[in-house]
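Participant: Input: one structure, supplied below.
The values are calculated or read from the model by the stated rules, or taken from the named source; none is laboratory data. All of these numbers come straight from a predicted model, not from anything done at the bench. Neighbour counts run over all protein chains shown; Cβ positions are idealised from the backbone, glycine included. When the accessible area is computed, the model is the full protein with side chains, heavy atoms only, and any ligands, DNA or RNA have been set aside. Shrake-Rupley method; radii C 1.70, N 1.55, O 1.52, S 1.80 Å.
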Amino acid sequence: MIEMKDVFKKYPNGVVAANGIDVSIKAGEFVYVVGPSGAGKSTFIKMMYREEKPSSGTIMINGINLAKLKTSKVPLLRRNIGVVFQDFKLLPTLTVYENVAFALEVTEEQPKYIKKQVMETLDLVNLKHKARMLPTELSGGEQQRVSIARSIVNSPKVVIADEPTGNLDPETSWEIMNIFDEINTRGTTVLMATHNKDIVNKIKHRVIAIEGGRIVRDEQRGEYGYES
Ligand code: ADP
């Protein structure tokens, strides 16, 4: 479902953040992306949802080559890929409900369908009772749950997360991870960059390690493999 071939990324300042990446990820997989700071994890992930364009190589997601995708078609791609960030990126003036519904409203769905879909998704992340609150009225873990709800409300085939537990305490991080595991169990492919050693070593999945813009390790049910 995701296939990168000979992918290079050189930023305008000359930094090569992807240096010949070949990888294939099947539908339904759960993949952790690990590696030291500055290794190229975010660049790898950003290229998957076309936040960054590769300098060369091909990136196929569900048959679409992201390297060639016109900028005008990017919103269409984003409907099929959910994205979760370390700092949540919720819209501060919108309620929990509105933040999640926003992702569906751009797809011009019927209001009745939107309401049902948003409430079901909020139920999945256990936040139905806080639907009318603003993000500032929620804890960090709750805000991340809203952002996960927003990422999956369109029923995307892939959810991509960049350090989703990076701002959260250990207990909350486990809650968040359990939600991702549940999403994956329901059939969605999950790709997650993380520094969370405990989680990677306990909830076993495929581990791709990146260093210096290259994949240096790729193991099914792998270990975190770094000190922290
Ligand atoms: P990681 O997520 O593993 O910390 P990144 O992908 O963020 O790594 O960064 C990889 C390298 O690319 C680093 O040297 C970083 O400084 C550089 N880099 C990242 N984003 C940019 C950018 N927009 N412009 C220039 N250099 C960048």
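Participant: Pick from region 10-27 the residues that are out of contact with any Pro (no Cβ under 9 Å at 6 or more places or on another chain), under 22 Å from Ile81 (Cα atoms) and outside any loop (DSSP other than H, G, I, E, B): which of them is farthest from the ligand (Cβ to nearest atom)?
Facilitator: Ser24
Participant: When region 139-179 is examined, which residues are found to be within 22 Å of Glu51 (Cα to Cα) and touching a Pro at 6+ places or on another chain (Cβ under 9 Å)? Can you show your working first?
Facilitator: In the first step, residues of region 139-179 are kept if they are within 22 Å of Glu51 (Cα to Cα); the result is 144, 146-167.
Of everything in region 139-179, those that are within 22 Å of Glu51 (Cα to Cα) and touching a Pro at 6+ places or on another chain (Cβ under 9 Å) turn out to be Gln144, Val146, Ser147, Ile148.
Participant: Quick check on region 14-23. Is at least one of its residues touching a residue at least 40 places away in the same chain (Cβ under 8 Å), open to solvent by 60 Å² or more (accessible area, probe 1.4 Å) and closer than 15 Å to Ile208 by Cβ? Working first, answer last.
Facilitator: Taking region 14-23 as the starting set, the residues that turn out to be touching a residue at least 40 places away in the same chain (Cβ under 8 Å) are 16-23.
Imposing the further condition that a residue be open to solvent by 60 Å² or more (accessible area, probe 1.4 Å) reduces the set to 16, 22.
Then drop every residue that is not closer than 15 Å to Ile208 by Cβ, which leaves 22.
Within region 14-23 (the criterion being touching a residue at least 40 places away in the same chain (Cβ under 8 Å), open to solvent by 60 Å² or more (accessible area, probe 1.4 Å) and closer than 15 Å to Ile208 by Cβ), the answer is yes, since at least one residue qualifies.
Participant: Output the number of residues of region 98-120 satisfying the condition of being open to solvent by 10 Å² or more (accessible area, probe 1.4 Å) and under 21 Å from the mean Cα position of the chain (by Cα).
Facilitator: 8
Here's the yes/no breakdown for (1) out of contact with any helix residue (DSSP H, G or I) (no Cβ under 8 Å at 6 or more places or on another chain); (2) of a type in the set (D, E, K, R):
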residue: Arg145; (1), (2): no, yes
residue: Arg150; (1), (2): no, yes
residue: Met177; (1), (2): no, no
residue: Thr185; (1), (2): yes, no
residue: Met192; (1), (2): no, no
residue: Lys197; (1), (2): yes, yes
residue: Val207; (1), (2): no, no
residue: Arg221; (1), (2): yes, yes
residue: Gly225; (1), (2): yes, no
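Participant: Among (1) surrounded by 15 or more Cβ atoms within 10 Å (Cβ to Cβ); (2) of a type outside the set (D, E, K, R); (3) assigned to a helix (DSSP H, G or I), where does Thr136 come up short?
Facilitator: Thr136 satisfies all of (1) surrounded by 15 or more Cβ atoms within 10 Å (Cβ to Cβ); (2) of a type outside the set (D, E, K, R); (3) assigned to a helix (DSSP H, G or I) except (1).
Participant: Right, here's the next one. Could you list, in sequence order, all residues of region 28-49 that are assigned to a loop (DSSP other than H, G, I, E, B), at pLDDT 95 or above and away from the ligand (no atom under 12 Å from the Cβ)?
Facilitator: Gly28, Glu29
Participant: Oh, and also: Quick one: Leu90 ticks every box in (1) at pLDDT 95 or above; (2) assigned to a helix (DSSP H, G or I) bar one, so which box is it?
Facilitator: It fails just one condition, (2).
Participant: Between a first residue in region 193-205 that is more than 14 Å from the ligand (Cβ to nearest atom) and a second residue that is open to solvent by 30 Å² or more (accessible area, probe 1.4 Å) and part of a helix (DSSP H, G or I), which pairs have beta carbons less than 8 Å apart while being 6 or more apart in sequence or on different chains?
Facilitator: If the second residue must be open to solvent by 30 Å² or more (accessible area, probe 1.4 Å) and part of a helix (DSSP H, G or I), the pairs left are Asp198/Pro170; Ile199/Trp174; Ile203/Asp181.
Participant: Just to be sure, is Ala149 at pLDDT 95 or above and under 18 Å from the mean Cα position of the chain (by Cα)?
Facilitator: On the way: at pLDDT 95 or above: yes; under 18 Å from the mean Cα position of the chain (by Cα): yes.
Yes.
Participant: Please work out which residue is least open to solvent (accessible area, probe 1.4 Å), limiting yourself to region 166-225 and to residues that are charged (D, E, K, R) and in contact with a strand residue (DSSP E or B) (Cβ under 8 Å, 6 or more places away or on another chain). Let's see the steps before the verdict.
Facilitator: We begin by selecting, within region 166-225, every residue charged (D, E, K, R); these are 169, 171, 175, 181-182, 186, 197-198, 202, 204, 206, 211, 214, 217-219, 221, 223.
Those still in the list that are in contact with a strand residue (DSSP E or B) (Cβ under 8 Å, 6 or more places away or on another chain) too: 181, 206, 214, 217-219, 221, 223.
On the way: Asp181: 43, Arg206: 21, Arg214: 122, Arg217: 54, Asp218: 73, Glu219: 71, Arg221: 162, Glu223: 87 Å².
Once the filter is applied, the top-ranked residue is Arg206.
Participant: If you don't mind, another one. Considering each of Ile2, Ile59 in turn, give the residue that is under 24 Å from Thr165 (Cβ atoms) and more than 14 Å from the ligand (Cβ to nearest atom). Don't jump to the end; show me each part of the working.
Facilitator: Numbers: Ile59 fails: under 24 Å from Thr165 (Cβ atoms).
The unique qualifying residue is Ile2.
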